Amino acid sequence: MVEKKPLSELLPAAEAAPVSLLDWRPAYGGILLEEMVALLRVVRVIRPSLIFEIGTYLGETTLQMAANSRAEVHTLDLPPAGHADFDPSRPDDPELDVYPEVPGRRFADYAGPSRIIQHFGDSRTFDYAPFAGRADLVFVDGCHHEEFAASDSRKALEMVASGGAVLWHDYADYAPGVMRALDALSTAVPLRHIAGTSLVLHLA
Ligand SMILES: C[S@@+](CC[C@H](N)C(=O)[O-])C[C@H]1O[C@@H](n2cnc3c(N)ncnc32)[C@H](O)[C@@H]1O
């Protein structure tokens, strides 16, 4: 198990960090309000220049991370064609976490921060080389299968800059593959589960 700690202990400055929600629209498959606040507090403290998100979905978190920083925000999801192939009749695979919506709809429709750069591809084979050691914050929120979560985690650790942070979503019973991947990773890399959320934090 990844050890659980309050965010105030992990990153004391985060407790008092004010965050803003830009026209926040919660949606099924997105992150909860208390998780969004914790994540944005980390963003405010880290003051990133470059953020990389694995798993765009509607782009709600992408938009809020851009609104709470001056960062260039890169976000990766499967190509829209992959989403069109999504088969909602596959109840056998609740961990796939792929939705029929076009990724990034929220920031595409919103006349807000224009620092968002969208990428399409499979997170296991995407070329992360241009981001190696450059991302001040990586947010891992893709497929919940253990193999994907482990691969996305390795890529995140390659991208994160010294002094930066990696945050994972879905360290929770509903995503056992993510839990197994992070439990295994925690034997080699310092990870902490942020109390009251399904977020896991690594400070690089
Ligand atoms: C939980 S949603 C992301 C939620 C989003 N980060 C947010 O906070 O609102 C997971 C996303 O991961 C994407 N995904 C799943 N497998 C993927 C893969 N192999 N490569 C890239 N994206 C993937 C899905 O299409 C889905 O949009």
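Just so it is clear, none of the values below were taken in a lab; they were calculated from the coordinates. None of these values were measured; they are calculated from a predicted model. When we count neighbours, we look across all protein chains shown, and the Cβ atoms used for this are built from the backbone with ideal geometry, even at glycine.
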(request) Give the share of C-alpha pairs in each 5 angstrom bin for segment 1-49, from 0 to the last occupied bin, in whole percents, shortest bins first. (result) 5, 19, 25, 21, 17, 11, 1, 0
(message) Cut-off is 10 Å between beta-carbons; in what order do THR125, THR75 appear when sorted fewest neighbours first?
(response) THR125, THR75
(request) Would you calculate the volume per residue, in Å³, of the smallest convex hull containing every Cα atom of the chain? (result) 110 Å³
(request) Please identify every one of the trypsin sites (Lys or Arg not before Pro) in segment 33-72 that sits in a loop by DSSP and has no more than 14 other beta carbons within 10 Å of its own beta carbon. (result) ARG70
(message) With 24 Å as the cut-off, how large is the P(r) tail for segment 104-204, expressed as percent of Cα-Cα pairs?
(response) 26 percent
(request) Only Cα pairs under 8 Å and at least 6 apart count here; give the relative contact order of the chain as a rounded whole percent. (result) 23 percent
(request) Quick one: order PHE131, PHE126, PHE139 by neighbouring beta-carbon count within 10 Å, fewest to most. (result) PHE126, PHE131, PHE139
(message) At a threshold of 8 angstrom on Cα-Cα distance, excluding pairs fewer than six apart, so keeping six or more, what relative contact order does segment 109-179 reach in percent?
(response) 33 percent
(request) Under 15 Å from the Cβ of SER153, count the other residues' Cβ atoms, weight Lys and Arg +1, Asp and Glu -1, and hand me the total. (result) -3
